[in-house]
């Protein structure tokens, strides 16, 4: 058995070449704090009843989108750096495919419902 053929600079050099590509403790703590705030805030809005329903629902949807962005950036490390561009492209492609499947399924179910004979 021969010696391992790893480069002289170690096996993890490619992973560390772009700095903290996979995050650090401070980044995870920021993500956790943002996630907690963005989880507690809609709960407080609903349970407190401080705003009218017509305002609360869009606000909760906006907070949900912000929380998805926090998870993508802090936990899934989806960034816009040049080395991470293919991850973003893969994510966008996946989102488009899922969107097509969901919208297409809803469209088919709506058409089936409207074209069915009444019983």
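The values are calculated or read from the model by the stated rules, or taken from the named source; none is laboratory data. Because the structure is predicted, anything quoted here is derived from the model rather than measured. Methodologically, a virtual Cβ is constructed for each residue, glycine included, from the backbone with ideal geometry; neighbour enumeration extends over all protein chains shown.
Within the range 69-119, the residues that satisfy the criterion of being part of a helix (DSSP H, G or I) and surrounded by 12 or more Cβ atoms within 10 Å (Cβ to Cβ) are 69, 70, 71, 72, 73, 74, 75, 84, 87, 88, 91.
Can you find a residue in the range 49-58 that is in contact with a helix residue (DSSP H, G or I) (Cβ under 6 Å, 6 or more places away or on another chain) and either under 27 Å from residue 95 (Cα atoms) or not assigned by TED's automatic domain parsing to the domain that holds residue 95 (or both)? Yes: one or more hits.
When residue 91 is tested against (1) within 24 Å of residue 33 (Cβ to Cβ); (2) assigned by TED's automatic domain parsing to the domain that holds residue 28, exactly one condition is not met: (2). Taking each residue of the range 74-99 that is at positive phi and looking for partners that are assigned to a helix (DSSP H, G or I) with beta-carbon atoms closer than 8 Å, six or more apart or interchain, yields 77/84; 77/87.
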